[in-house]
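I'd like to ask some things about the structure below.
The values are calculated or read from the model by the stated rules, or taken from the named source; none is laboratory data. This structure is a prediction, so every number in the text was calculated from the model and none was measured. Ideal geometry is used to build each Cβ from the backbone, glycine not excepted, and the neighbour counts take in all protein chains shown.
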Amino acid sequence: MVLKDTNLQSKVEILKKFNPFNLLGEKLLYKTAASLREEFYPAGTYVGKQGETSRHVLFLVIEGKAEITVSDKGGHEYVTGYRGPYEFMGETVFFSGEEYPASARAVTDTRCFLLPQEVFEEIVIENPDFAAFFTKLLTERLRILYQKFFNEDDLSGDEGFGKRISDIMVRSVVTCLPGDDVRQIASIMSRKNVSSVIVVEKDKPLGIITEGDLVTKILLEPDLQKSAGRTARELMSTGLITVKPQDFSYQSFLLMVKYRIKHVIVVDEEGRLVGIVAMRDVIKSRKTGSLAIVNSIESSNTIEELCKLHSEVDQVLQALLVERATVIEITSLITEFYDRITRKVIQICERSMIEEGYGPPPVSYCWINMGSSGRKEQYARTDQDNGIIYEDVPEDKDEQVKNYFLILGEKVVTGLEQYGFKRCKGLVMANNEEWCRSFRIWRHTIKDWINNLLPQNVRLMTIFLDFRYLYGKKSLYDLLRNFVVRSFRNSTVVLSFLVQDNLSKKVPINIFRQVQTERSGEHRNELNLKTSACVHVVDCARVFALREGLLVSNTFERLEEIGKRNILKEKDIEYITSAYETLMMLRIRDAMAKMRKGTEPDNYINPRELTNREYSLLREALVMVSRLQGITDSHFRIMA
């Protein structure tokens, strides 16, 4: 964003071309023009992003073209409209101060006047005709967004996630019928002062309509009159996420964070609607007695503010352990928190690049995470494993573009380090040109790894192959992921080599089914659960996934897909999954215990400190991991 200036007379002449500003008298017109600030947005940059808090200004487009886009829960972006010269943007949250429901991105170089909210309010007071015109123009777009949003009460509480859904749910659910039209739905929301309505038929929920649905599906439509006739059945979002009254509140919280939704529906055993739980209801029941972590992350504007959330995440982890949440639930939630923190750090660093004169990203790019984060299996602040994929550029510009992203990468890596994610000792980070490449160079690198099976390349492959999209242009990730799947699926020699690399390290269990620990050194009588056990499950599941062309990166999801394809016996999949969950839970519990003592988690445990049952579970898990190695060897030895 570059600031420019236009003299007052020119501003007045331009302002006259905007409806309804052409209704203003000469004196008020000059007063308004004097308050305008001009901003320039190069093509490809954002005027405002979905989810960002309102800047309390009205954007008046005076030159160029901007596209209005909306991202769904899956991160997919859709263009819903355009704004050209003498049109305005940002009106939907102009007064409310809430988050922008859509993004505005410059398609071409775009110039805008920014009108402050306080000046606009003065105009409305002094010019009734202007107010009437503006109100008529925006009523339908603003009706829903300007309703009173729910108030956050004091979030302190005596109980944690142990409360049942029945204890926190709202039983008097506001509903509508499938045939109700937009006007009826809007009237219901306004009258009941709610942000969502459940569509029901014969007491069973069919879908949900939220304020966001009305914004994206109605208010952003160019023909509002035509859209007003649409029914609830047409508007509603289906595939409802449901819980039962007897479930724990933390389970609803997990679902909300995982699917990025603000409500879950409560149904009885027959599937009938009995209640609804909103994010605020779960927040109120939290033992941590503080704002929702998700909201805290999104409202943070500096790295320092993010760093204050350490204890928040740790307390949630502790609460989940107390309530015996599964490993999948724990890791998916904690990973989601860390994903959001990372995205926020990237956004902060992008702004910093602009403020320091580097400008916005010269081309589109995407940020990827690898390792446990790539597999969505984080539960503690691990070492960083990340990288950047940026769009191809002419060879003579590659060095300049690469340097930009290396600087950005260093800023993000530093920010993450400040939060608590240590730098990777192996330098697998986006500030290293080995992990910051154009799409073309990434393809070339992967081909080189496959064609030259050196030990170093095998190590790099095992790190990279769990890569996962986190931020930016997702199509770059999708294209590279598809290339990886095709390349490895047809490379039987490479897959066999990866298997043999894993088999070179044995599981620490002897023929008498006794757990083997380290015999000397700092960790004498201890066992590293990550490097001696979990890594084998991860590696074996990965190689099967590569052979089958599976796109999932999570180990549990890979095992599930392998089972669905009958590649391994159903019982074996069940035992392997159980073994991995046992190992991961032991790691999580040990990490939490060490964190409470102020010690750094290191994956080492002393089997002698386990109870008899815990030791038995550990032993059986190691036996199953050893069996998995044998099964994998037989599959890929035959294939080779």
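What are the residues in the range 93-126 that are more than 16 Å from LYS49 (Cβ to Cβ), modelled with pLDDT of 75 or more and in a loop (DSSP other than H, G, I, E, B), if any?
THR108, ASP109
Of (1) assigned to a loop (DSSP other than H, G, I, E, B); (2) within 17 Å of VAL535 (Cα to Cα), ALA621 satisfies all except one. Which?
So the condition that ALA621 fails would be (1).
Okay, residues lined up against (1) surrounded by fewer than 19 Cβ atoms within 10 Å (Cβ to Cβ); (2) assigned by TED's automatic domain parsing to the domain that holds ILE168; (3) at pLDDT 75 or above; (4) in contact with a strand residue (DSSP E or B) (Cβ under 9 Å, 6 or more places away or on another chain):
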| residue | (1), (2), (3), (4) |
| --- | --- |
| ASP223 | yes, yes, no, no |
| PRO245 | yes, yes, yes, yes |
| GLY271 | yes, yes, yes, yes |
| ILE283 | no, yes, no, no |
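Of all residues in the range 435-467, which are touching a strand residue (DSSP E or B) at 6+ places or on another chain (Cβ under 9 Å) and free of Cβ contacts under 8 Å to residues at least 24 places away in the same chain?
Hits for the range 435-467 are HIS444, THR445.
Which condition from (1) aliphatic (A, V, I, L, M); (2) out of contact with any Asp or Glu (no Cβ under 9 Å at 6 or more places or on another chain); (3) closer than 18 Å to VAL316 by Cα is the one that MET592 breaks?
Exception for MET592: condition (2).
Out of all the residues in the range 38-60, which are part of a strand (DSSP E or B), more than 19 Å from GLU99 (Cβ to Cβ) and either of a type in the set (A, V, I, L, M) or modelled with pLDDT under 90 (or both)?
If the condition is that a residue be part of a strand (DSSP E or B), more than 19 Å from GLU99 (Cβ to Cβ) and either of a type in the set (A, V, I, L, M) or modelled with pLDDT under 90 (or both), then LEU60 is the only one that fits.
Restricting the first residue to the range 568-583 and requiring it to be within 13 Å of GLU614 (Cα to Cα), which pairs with a second residue that is among the small types (Gly, Ala, Ser) meet a Cβ separation below 7 Å and a spacing of at least six or different chains?
Within 7 Å, the pairs are ALA579/ALA621; THR582/ALA621; LEU583/ALA533; LEU583/ALA621.
Something else about it: For residues that are basic (Lys, Arg) and buried (at least 19 other Cβ atoms within 10 Å of the Cβ), scanning just the range 339-378, find the one that is modelled with the lowest pLDDT.
Taking the candidates together, the pick is ARG340.
Please verify whether VAL257 is part of a helix (DSSP H, G or I) and either in contact with a helix residue (DSSP H, G or I) (Cβ under 8 Å, 6 or more places away or on another chain) or at pLDDT 90 or above (or both), treating the condition exactly as stated.
Judged against the criteria, VAL257 is a match.
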